[in-house]
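The values are calculated or read from the model by the stated rules, or taken from the named source; none is laboratory data. Since the structure is predicted, the reported quantities are computational estimates derived from the model, not experimental observations. Cβ placement follows ideal geometry from the backbone for every residue including glycine, while neighbour counts extend to all protein chains displayed. The protein model used for the area step is the full one, side chains on, heavy atoms only, and it has no ligands, DNA or RNA in it. Shrake-Rupley method; radii C 1.70, N 1.55, O 1.52, S 1.80 Å.
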Amino acid sequence: MQALADDLVEDYVEHCRMHGNSWTDIGAALGVSRQAVQQRFHAPHKRYGPDTMTDDLRQAMVHVKQAAVHHRNNYIGTEHLLWGLTAEDNGATRLLQATGLSPEAVHRSVGTRLSMGASQAAERIAWTPYSRKAIALAEARSEQSGSARIDCADLLIGLARVGRGVAADVLAEAGFDADAVDSSPADA
């Protein structure tokens with residue numbers, strides 16, 4: 001029951017952030033301070049810094065932030081993550097190719113779902129709950145494979161495994177099955 005409640009709160013916060021609500025407004029609606037809600041749902045900067053990512057994933061993160069800023073979004077959603085992962089050749093695009101999918105087609109598909117926001121993106125952009133879940137799943141996968149760093153393929157599988165959000169929808173529509181490919185190496 002608690003997991004369902006947590007999912008509903010995460011859905012609510014993600015919806016609010018996607019529609020430009022401030023942390024103060026969200027905190028007030030949840031009966032907590034702005035600081036409390038921001039700490040719980042803000043970007044995982046400290047835990048997932050550049051030293052925890054491969055060079056390819058760090059480069060993909062540049063594309064992720066560019067997509068959010070360009071689209072005037074004040075959040076990093078799963079759509080931004082997938083867009084960044086498929087912007088250039090890396091472990092995620094090679095994994096898509098190995099499963100018979102076109103990384104370019106996935107990139108175009110997610111690109112059509114990036115919507116223009118009304119807010120100016122800040123220097124530190126908050127991650128949505130689904131994005132934070134995806135990076136946590138990617139971290140767990142990289143640790144399980146014995147790697148000290150999260151790779152693009154790990155994050156791609158994390159996005160698919162979240163099972164919700166734009167990226168999961170795009171990947172499912174393309175026919176990507178994380179369970180079928182998860183037994184393959186992290187960098188396909």
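Selection within the range 175-184: residues that are assigned to a helix (DSSP H, G or I) and out of contact with any Lys or Arg (no Cβ under 8 Å at 6 or more places or on another chain). The member of this set that is most open to solvent (accessible area, probe 1.4 Å) is Asp179.
Listed by first and then second residue, the pairs with beta-carbon distance under 7 Å, at least 6 apart or on different chains, first residue in the range 134-145 and closer than 11 Å to Arg161 by Cβ, second open to solvent by 10 Å² or more (accessible area, probe 1.4 Å), are Ala134/Val162; Leu137/Arg161; Leu137/Val162; Arg141/Ala186. Screening Leu137 with (1) at pLDDT below 90; (2) open to solvent by 70 Å² or more (accessible area, probe 1.4 Å); (3) under 11 Å from the mean Cα position of the chain (by Cα) gives one miss only, at (1).
In the range 19-34, the condition of being at pLDDT 90 or above, β-branched (Val, Ile, Thr) and not in a helix (DSSP H, G or I) is met by no residue.
Sub-7 Å Cβ pairs linking a first residue in the range 157-170 that is modelled with pLDDT of 95 or more to a second residue that is open to solvent by 30 Å² or more (accessible area, probe 1.4 Å) and polar (S, T, N, Q), at least 6 apart or interchain, are Val170/Ser109, ordered by first then second residue. Just the residues that are within 13 Å of Tyr130 (Cα to Cα) and open to solvent by less than 30 Å² (accessible area, probe 1.4 Å), please, taken from the range 158-172. Listed by number, the residues that qualify are Gly158, Leu159, Ala160, Val162, Gly165, Ala167, Ala168.
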